[in-house]
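The values are calculated or read from the model by the stated rules, or taken from the named source; none is laboratory data. Being a predicted model, the structure only gives us computed values, none of them experimental. Cβ placement follows ideal geometry from the backbone for every residue including glycine, while neighbour counts extend to all protein chains displayed. Note: areas computed on protein heavy atoms with side chains; ligands, DNA, RNA excluded. Shrake-Rupley method; radii C 1.70, N 1.55, O 1.52, S 1.80 Å.
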Amino acid sequence: MDINAAAAMTDADTFLNTLYRRHGSALRRLAARLLGGDWHRAQDIVQEVAIRAWQRPMDVGPMDATARHRLFTVVSDLVGDLVGDARQDQVEPRMEMAGEADMAMLAAPDAVDQTLTARVVWDALADLAPPQREVLLHLHYLDRSVSQAARALGVPPGTVKSRTYYATRALRSALRERGITDC
């Protein structure tokens, strides 16, 4: 990766992190409300809003309080398009169905999707109590066994197991609050 590509990636990370930190939960709540409580589709809408805002930052302007209104407008427009397309599909089915190869390409993760997902997970981890966050980092991020994590943390293996159980429950709850329902 050349210097310009690395700088662009850092700029994208900064922009997207700022957008999600300042406006992400409000955008998800609005989208979910407009979609009748469909948090999964709401998350898709917010990701599309983030991508559009990143691709056209001049349309959104600075990530201040005035940006939220413009972002809400984009959410409403995207939900309207989605609902309109669904109604159109009910009235007039599409002549051409997407093939498996087309669907596989849609599901391919990209840098923006990975950045957004990582941001949501890190935000959820920040909600955990420090001992819970620490045990998950040792087991999953550092890929340590229960006994290795116990030695590193200076606690018995049973404590690591207990903290892992409660940390996993708390993390799952924090992710659901952020609209991630596949956990």
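Mind checking which residues of region 22-39 are more than 18 Å from residue 52 (Cβ to Cβ) and either of a type in the set (Val, Ile, Thr) or part of a helix (DSSP H, G or I) (or both)?
25, 29, 32, 33, 39
Any residue in region 126-145 that's within 18 Å of residue 178 (Cβ to Cβ): show its pairings with residues that are surrounded by 12 or more Cβ atoms within 10 Å (Cβ to Cβ) and among the polar types (S, T, N, Q) at Cβ separation under 8 Å, as long as the two are six or more apart or on different chains.
Cβ pairs passing all conditions: 136/164; 136/168.
For region 110-128, indicate whether the set of residues that are modelled with pLDDT of 80 or more, in a helix (DSSP H, G or I), over 22 Å from residue 39 (Cβ atoms) and open to solvent by less than 70 Å² (accessible area, probe 1.4 Å) is non-empty.
no
Name every residue in region 141-150 that is surrounded by 14 or more Cβ atoms within 10 Å (Cβ to Cβ) and assigned to a helix (DSSP H, G or I), in order of residue number. Walk me through it before giving the result.
Of region 141-150, the ones surrounded by 14 or more Cβ atoms within 10 Å (Cβ to Cβ) are 144, 146, 148-150.
Within region 141-150, 146, 148, 149, 150 qualify.
Considering only region 75-92, how many residues are under 21 Å from residue 116 (Cβ atoms) and either at pLDDT below 85 or acidic (Asp, Glu) (or both)?
3
I'd like to verify a number: residues in region 158-183 that are on the phi < 0 side of the Ramachandran plot, not in a helix (DSSP H, G or I) and not hydroxyl-bearing (Ser, Thr, Tyr), how many?
The total comes to 4.
Mind checking which pairs have a first residue in region 154-183 that is free of Cβ contacts under 8 Å to residues at least 24 places away in the same chain and a second that is open to solvent by 50 Å² or more (accessible area, probe 1.4 Å) and part of a loop (DSSP other than H, G, I, E, B), Cβ under 6 Å, 6 or more apart or different chains?
Short answer, once both residue conditions are applied: 172/183.
Is it fair to say residue 155 is in a helix (DSSP H, G or I) and more than 29 Å from residue 24 (Cα to Cα)?
Spelling it out, it is not the case that residue 155 is in a helix (DSSP H, G or I) and more than 29 Å from residue 24 (Cα to Cα).
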